[in-house]
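The values are calculated or read from the model by the stated rules, or taken from the named source; none is laboratory data. Here the structure is a predicted model, which means the values were calculated and not measured. All Cβ positions, even for glycine, are placed from backbone atoms using ideal geometry, and neighbour counts span all protein chains on display. What goes into the accessible areas is simple: the full protein's heavy atoms, side chains included, and nothing from ligands, DNA or RNA. Shrake-Rupley method; radii C 1.70, N 1.55, O 1.52, S 1.80 Å.
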Amino acid sequence: MGKLDGKVAIITGAGQGVGQGVALALAKEGAAIAVTGRTESKLHDTCAMLTEVGARSEPIGCDVSRREDLAAAVDRVVATFGGIDIVVNNANDCRPGPLLTLLDEEYQRSIDAGPMATLRMMQLCYPHLKARGGGVIVNMVSSAAVRWDASNYGAYSSIKEAMRSLTRAAACEWGRDGIRALAVAPHAGTPALERWAQRNPQEAAEFVAGIPLGRVGDPETDIGRAVAFLASDDAGYLSGATIPLDGGQSRWG
């Protein structure tokens, strides 16, 4: 038996990286997974991996910056699986860069795919979580806001901090409904991180050297398994918190 037997999870940005790792970890604990994202081929790849571990899954094309896409995705999950127990807001569309080069439309796109999408998804899923007697929301944030050097991370950290605030508010407002909300700040090997490391090898080496555990996390074993624990009854009294899954690198508080 798994910790999440009978549970249904919807995960945004689940076609690769952290989202895919979380999908695999939750599936191995018994959850059915709605795999959402913009690239259909990647969604099917993740679903094939989930099938291999014996999990039910459904690929759902979704641009999180569009409310109508989110609403359609939530409706399809409920129609397919009968409800929603776990919501993982993982997708984002924001890249590090200096403030002077940041364009209005780029920042607005990051807001739409970040805190706005997170708020909308939480609102859309709330009645379904409540109908199941409660559930868990996990929002993927970042330790960028507490970096020793915030250069080039102003836009990225600001949208992630907005998501942290929304997480805390949801935990406080919806706790009486049995809904827990948590923010997770991961460091994990992803295609985007690999591309950045290839372009900036010296900075990447310094980045890894600054992680006390000496390595970047694995999307499934280091991030996904922790999220599976957080979504389970074993963490049933934990809500409103930010959990750094970064090998001890971040400086919270």
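The table that follows gives values for the structure above.
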read-out	value
Any hit, region 28-41, residues being part of a helix (DSSP H, G or I) and in contact with an Asp or Glu (Cβ under 9 Å, 6 or more places away or on another chain)	yes
Residue in region 162-175 that is assigned to a loop (DSSP other than H, G, I, E, B) and either within 27 Å of Ala113 (Cβ to Cβ) or hydrophobic (A, V, I, L, M, F, W, C) (or both) present	no
Residue among Ser151, Ser158 that alone is in a loop (DSSP other than H, G, I, E, B) and either over 22 Å from Leu4 (Cβ atoms) or open to solvent by 40 Å² or more (accessible area, probe 1.4 Å) (or both)	Ser151
Matching residues in region 96-152 - criterion: being basic (Lys, Arg) and more than 18 Å from Thr36 (Cα to Cα)	Arg109, Lys130, Arg132, Arg147
Residue match in region 206-219 (condition: open to solvent by 50 Å² or more (accessible area, probe 1.4 Å) and in contact (Cβ under 8 Å) with a residue 60 or more places away in the chain)	yes
Whichever residue in region 195-225 is under 20 Å from Asn152 (Cβ atoms) and among the acidic types (Asp, Glu) and, among such residues, is modelled with the lowest pLDDT	Glu203
Flag for Leu26 being at pLDDT 95 or above and either under 17 Å from Lys3 (Cα atoms) or of a type in the set (Gly, Ala, Ser) (or both)	yes
Residue, farthest from Ser165 (Cα to Cα), within region 221-239, restricted to residues that are more than 13 Å from the chain's Cα centre (by Cα) and among the hydrophobic types (A, V, I, L, M, F, W, C)	Phe229
Residue that is modelled with the lowest pLDDT [pool: residues in region 242-253 that are open to solvent by 30 Å² or more (accessible area, probe 1.4 Å) and not polar (S, T, N, Q)]	Gly253
Flag for Thr51 being modelled with pLDDT of 95 or more, among the hydroxyl-bearing types (Ser, Thr, Tyr) and surrounded by 15 or more Cβ atoms within 10 Å (Cβ to Cβ)	no
Number of the condition not met by Ala192 [criteria: (1) open to solvent by 50 Å² or more (accessible area, probe 1.4 Å); (2) in a helix (DSSP H, G or I); (3) modelled with pLDDT of 95 or more]	(3)
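Residue-by-condition table, conditions (1) of a type in the set (D, E, K, R); (2) open to solvent by 50 Å² or more (accessible area, probe 1.4 Å); (3) free of Cβ contacts under 8 Å to residues at least 60 places away in the same chain:
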| position | (1), (2), (3) |
| --- | --- |
| Thr46 | no, no, yes |
| Glu58 | yes, no, yes |
| Ile84 | no, no, no |
| Ser110 | no, no, yes |
